[in-house]
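J.: Here it is, the structure, as structure tokens.
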Amino acid sequence: MAFSEYQLVSLALRWRLGLQRKLRYSMFPYPLKSLGQDWTTPWEDLQKYCWRRHISSCLRWPGHYSRAPYPYFSSRHFSLNCRPPFLFESGMQFQYYNWRPDHLSNASLIHLSRHVMTSDRDEPSSKRRKHQGTIKRNWEYLCSHNKENTKDLEDRNVDSTCEDREDKFDFSVMSYNILSQDLLEDNSHLYRHCRRPVLHWSFRFPNILKEIKHFDADVLCLQEVQEDHYGTEIRPSLESLGYHCEYKMKTGRKPDGCAICFKHSKFSLLSVNPVEFCRRDIPLLDRDNIGLVLLLQPKMPRAASPSICIANTHLLYNPRRGDIKLTQLAMLLAEIANVTHRKDGSSCPIVMCGDFNSVPGSPLYSFIKEGKLNYEGLAIGKVSGQEQSSRGQRILSIPIWPPNLGISQNCVYEAQQVPKVEKTDSDVTQAQQEKAEVPVSADKVSSHLQHGFSLSSVYSHYVPDTGVPEVTTCHSQSAITVDYIFYTAKEENTAQGPGAEVALVGGLKLLARLSLLTEQDLWTVNGLPNEHNSSDHLPLLAKFRLEL
């Protein structure tokens, strides 16, 4: 019995979608088993009839994972506006298409894999939608006088003890990678678990703005802020909420950057200090990541209040380039040290936020918290902890970055940056430049990195009762922690007895943090992004106190 090309395609689709009982093996001139396992057939005109139909909900974006559990469609001529008839109903006459081999293109194929869609919306069963609800994140209060108020404050997300007085200043900070739309579309394989409408910017931005309004943080540190969206939507929306916004776009052709936004009612702006990690004269630093450092003045009743440094960054992702990540971090720390340095040798309090593309316990993470790192013999792919194996990886060189970067192993500028001076006194100008460009001799360079800040992480990264890891990002390929809020913690006075109020000297006191979630928690709402959370990262939120 002879069949046309269309009939073979239709029968194959019916069999793979659970309708094989209506077919008979005797109808096929070859075994049905071989047809269903891994069958590829030309597909040009018929594919536009699949759009907006049953199979469209499991459409896979072309170019990734040829063996992925989704039908693979690719075409240079794909109509988004056509509304097809019911493709899978029996007895339908296909009168407008003449299916002959010479009318078909080899470049346009349909690939039917072995995976059978079983969920309501044809999503793979491994990432099947559980429900469309939201997961509640509670405030975790870290001070005894706040814990008793926790139950009353969970719904309001407001700490009643956060009241500005002459002897203290309370403020909140949010760090949030909001997922650039261009990066989302360039890495579509990470979001195969999502329904397409959830990924549209017109759907995502109102959700993101709703989160920002709900938490009402005094300072926002945002990563992956797309430039065109920042100018037309993000900045105007945040300014209408009472924020002042500063933005630094990545160098090169990257479409996104970092933003720091703060409330006019809480702070005054003292300085804006962007940091470009790309240096064309240094081959190691050929990546376009950036940092942004602001110095803010709290608005307090007292005439003289200490300033606060807010830093935001998004380090390189590449797990195998730990040398670049450490160098970018050293450049950010050097700028922070330059901005926060006081005449008496001390530094003002620091809050450092961002997507560091490193996991808890990794060498890079430990360096931030402990202030030192001996990288001798360390594999380049082990720096961020994202790589499971170091086989075939080279060892970090000593020193990691060349002397002409102008940053010491203590993560500070080796000499004060010389301002541009007009050629009125060429001798003085030349002497200043020579002094600033003095390199450190090779025999003084060791494999030990240091920085002078006492930084702590707002989060502990593990659920206290179970020890299950918390995560800050979750998509189709991984669920890990890469986002952090670090701060200069006040030192404890160990002379006091147990249970006494902690006497703190310098720095910030952490009052509360918004709880994180586990990977299992996030997959109960279909991972990230979803209908209510429109980034593949969770927002981090902390409340601090500056005591005078």
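J.: Would the stretch 323-345 turn up any residue that is of a type in the set (A, V, I, L, M, F, W, C), more than 21 Å from PHE453 (Cβ to Cβ), over 25 Å from the mean Cα position of the chain (by Cα) and modelled with pLDDT of 95 or more?
T.: no
J.: On the given criteria, is ASP281 out of contact with any Cys (no Cβ under 6 Å at 6 or more places or on another chain) and of a type in the set (D, E, K, R)?
T.: Judged against the criteria, ASP281 is a match.
J.: Considering GLU370, GLU414, which residue is without any contact (Cβ under 8 Å) to a residue 12 or more places away in the chain and farther than 17 Å from LEU316 by Cβ?
T.: GLU370
J.: What are the residues in the stretch 384-409 that are in contact with a strand residue (DSSP E or B) (Cβ under 9 Å, 6 or more places away or on another chain) and open to solvent by less than 20 Å² (accessible area, probe 1.4 Å), if any?
T.: Residues satisfying the conditions are LEU396, ILE400, TRP401, ILE407.
J.: Scan the stretch 463-487 for residues that are in contact (Cβ under 8 Å) with a residue 12 or more places away in the chain and within 21 Å of TRP523 (Cα to Cα) and report the count.
T.: 16
J.: Inspect the stretch 480-500 for any residue being part of a loop (DSSP other than H, G, I, E, B), of a type in the set (S, T, N, Q) and modelled with pLDDT of 95 or more and give the result as yes or no.
T.: Yes, the stretch 480-500 contains a residue that is part of a loop (DSSP other than H, G, I, E, B), of a type in the set (S, T, N, Q) and modelled with pLDDT of 95 or more.
J.: Considering the stretch 209-231 alone, what residues qualify as being open to solvent by less than 20 Å² (accessible area, probe 1.4 Å), touching a helix residue (DSSP H, G or I) at 6+ places or on another chain (Cβ under 9 Å) and assigned to a helix (DSSP H, G or I)?
T.: Once the filter is applied, which keeps residues that are open to solvent by less than 20 Å² (accessible area, probe 1.4 Å), touching a helix residue (DSSP H, G or I) at 6+ places or on another chain (Cβ under 9 Å) and assigned to a helix (DSSP H, G or I), the stretch 209-231 yields only ILE212.
J.: Next up: Taking strands (runs of 3 or more DSSP E) that do not extend beyond the stretch 232-348, which have at least 2 residues that are surrounded by 24 or more Cβ atoms within 10 Å (Cβ to Cβ)?
T.: 256-263, 290-298, 308-314
The values are calculated or read from the model by the stated rules, or taken from the named source; none is laboratory data. Source: prediction; values computed, not measured. Reconstructed Cβ throughout: ideal geometry from the backbone, glycine too, with neighbour counts over all protein chains shown. Accessible surface areas use protein heavy atoms only, side chains included; no ligands, DNA or RNA. Shrake-Rupley method; radii C 1.70, N 1.55, O 1.52, S 1.80 Å.
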